[in-house]
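Colleague: Provided herewith is a single structure, encoded as structure tokens, for subsequent inquiry.
The values are calculated or read from the model by the stated rules, or taken from the named source; none is laboratory data. Only a predicted model underlies this, so the values are computations on that prediction, with no experimental measurement involved. Cβ coordinates were reconstructed from backbone atoms using ideal geometry, including for glycine residues, and neighbour counts include every protein chain displayed.
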Amino acid sequence: MARIGVLGGTFDPPHNGHIQIAQEALTQLKLDQVLFAPTRQPPHKINNHITPIDHRLEMVRLAIADHPGFVLSRIDVDRSGATYTVDTMRLLRAQFGATAELFFIMGMDSLASILTWHAPKQLIQLCRLAVFERPGFSVVLSELDKKLPGLRQRVIFLSAPKLDIAASDLQQRVRDGQSIVDLVPVQVAEYIKIHRLY
């Protein structure tokens with residue numbers, strides 16, 4: 001039975017926080033692989049400037065190249081329109097079959113807002129939620145469970161790496177001429193420099 005983790009996001013750019021979270025999930029959940037699934041157009045970032053998807057795909061490919069348990073997935077790239085997590089997980093369920101165990105990897109901030117997500121009831125039927133703590137966010141699971149029955153049984157809390165990096169901060173550092181070498185994989189830093197991103 002396959003155990004698959006899914007880490008979705010804009011990855012603009014992918015950074016060491018993403019790598020550490022994926023590695024922790026891989027280890028703690030004993031996953032066969034973690035899929036990195038860049039989003040073409042996040043529904044909650046419609047008005048934000050986002051780096052073209054080809055650059056983001058290549059940066060993810062470079063970021064995970066040295067990690068055999070990580071796989072780049074185009075599941076949210078090769079389809080049009082807004083990409084909702086529930087649709088992503090539905091497609092992956094069809095791809096990996098009914099016996100596969102799917103885990104959507106997310107932060108505590110995302111769990112706190114789960115009721116605002118598109119079709120959260122269907123989402124928790126398709127996969128389990130692997131949740132990392134994030135500074136400044138806490139969740140009373142019993143309260144959320146009252147509004148989304150069954151949620152409590154579908155959440156697994158994972159020990160979080162002590163590294164909180166925001167992609168927006170990295171973009172600003174690049175614009176300010178500051179180094180991001182210790183915050184992103186070396187190949188990603190080089191790619192950003194070569195292509196003059198941000």
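One line per residue, one yes/no per condition, for (1) closer than 30 Å to Arg196 by Cβ; (2) of a type in the set (Phe, Trp, Tyr); (3) at pLDDT below 90; (4) in contact with a Phe, Trp or Tyr (Cβ under 9 Å, 6 or more places away or on another chain):
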| residue | (1), (2), (3), (4) |
| --- | --- |
| Val60 | yes, no, no, yes |
| Gln95 | no, no, no, no |
| Ile105 | no, no, no, yes |
| Gly136 | no, no, yes, no |
| Asp145 | no, no, no, no |
| Ala160 | no, no, yes, yes |
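Colleague: Out of all the residues in the stretch 114-154, which are of a type in the set (Lys, Arg) and farther than 21 Å from Arg3 by Cα?
Modeller: Result: Lys121, Arg134, Lys146, Lys147.
Colleague: Looking only at the stretch 9-19, which residues are modelled with pLDDT of 95 or more and either surrounded by fewer than 22 Cβ atoms within 10 Å (Cβ to Cβ) or of a type in the set (Lys, Arg) (or both)?
Modeller: Asn16
Colleague: Hey, another quick one. List the residue pairs whose Cβ atoms are under 9 Å apart, where the first residue sits in the stretch 9-29 and is of a type in the set (Ser, Thr, Tyr), the second is surrounded by 23 or more Cβ atoms within 10 Å (Cβ to Cβ) and outside any helix (DSSP H, G or I), and the two are 6 or more positions apart or on different chains.
Modeller: Listed pairs, sorted by first residue: Thr10/Pro38; Thr10/Thr39.
Colleague: Here is a follow-up. Residue by residue through the stretch 163-183, note down the ones that are assigned to a loop (DSSP other than H, G, I, E, B), over 13 Å from Ile19 (Cβ atoms) and within 17 Å of the chain's Cα centre (by Cα).
Modeller: Hits for the stretch 163-183 are Asp164, Ala166.
Colleague: Here's another thing I want to ask about it. Take Ala65 and tell me if it is closer than 23 Å to Ala160 by Cβ, of a type in the set (Gly, Ala, Ser) and either modelled with pLDDT of 95 or more or touching a helix residue (DSSP H, G or I) at 6+ places or on another chain (Cβ under 9 Å) (or both).
Modeller: So Ala65 fails the test.
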